[in-house]
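Only the coordinates and a few stated rules stand behind these numbers; no lab work does. Because the structure is predicted, anything quoted here is derived from the model rather than measured. Positions of Cβ are generated from backbone atoms using ideal geometry, with glycine treated the same way; all protein chains shown enter the neighbour counts.
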């Protein structure tokens, strides 16, 4: 198990290999379908995404005393049409989601960022790693707003490393 704390451990991303398990701590940002579309259509990207890890998160309302409800990954392939453009417009260093990506998305990520898998079906477990959650952009989108999440030991698997080696079998 490799522990990574953002932002100081960004260099560790270069050494990650497909299939390795990671416990990620620090700040990540949720980004789903509607927020992607708004970002791409607006032609502007917020500076906080530079050097960031984004999470394709399917959130539920928080219970009293908790920063968020269940927050498991949503299907990454739904964001594939936006991925190459987002990568060109930002310097994101990681994407967290679930499932296989298109060839175009995989190719756009190669050499630029690491694609991580969050444990699908374990949204309640993922939520235990969230210390703080705050909507920071497109609040009108509700659950699809961009959330800033402070996480501690968020469990992940490297699905595609910087070389392009992919857990699903190449790019």
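Values for this structure:
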{"read-out": "Residue 103 versus residue 163: modelled label distance in nm, points set 7 Å from Cα along the beta carbon direction", "value": "2.2"}
{"read-out": "Additional length obtainable on full extension of the chain from residue 141 to residue 89, 0.36 nm per residue less Cα span", "value": "16.5 nm"}
{"read-out": "19 Å cut-off, amide nitrogen to a point 7 angstrom out along residue 125 Cα→Cβ, residues in segment 66-96", "value": "68-76, 96"}
{"read-out": "The chain: translational diffusion in µm²/s, Stokes-Einstein, Kirkwood Rh over Cα pairs, 25 °C, 0.890 mPa s", "value": "156"}
{"read-out": "FRET efficiency estimate (nearest 0.05) - Cβ-Cβ, residue 1 to residue 112, R0 25 angstrom", "value": "0.50"}
{"read-out": "Pairwise label distance in nanometres, residue 15 with residue 78, each label 7 Å out on the Cα-Cβ vector", "value": "3.6"}
{"read-out": "Distance in nm between pseudo-label sites at residue 153 and residue 8 (7 Å out along the Cβ direction from Cα)", "value": "1.8"}
{"read-out": "Counting DSSP beta bridges with both ends in segment 2-98, the antiparallel % (nearest 5)", "value": "25"}
{"read-out": "DSSP bridge pairs, the chain: antiparallel proportion in percent, nearest 5", "value": "60"}
{"read-out": "Quarter of the Cα convex hull surface for segment 76-132, i.e. its orientation-mean projected area (nm²)", "value": "4.5"}
{"read-out": "For segment 9-53 and segment 70-112, distance of Cα centres in Å", "value": "9"}
{"read-out": "Quotient of C-alpha Rg and 2.2 N^0.38 Å, computed over segment 42-117", "value": "1.19"}
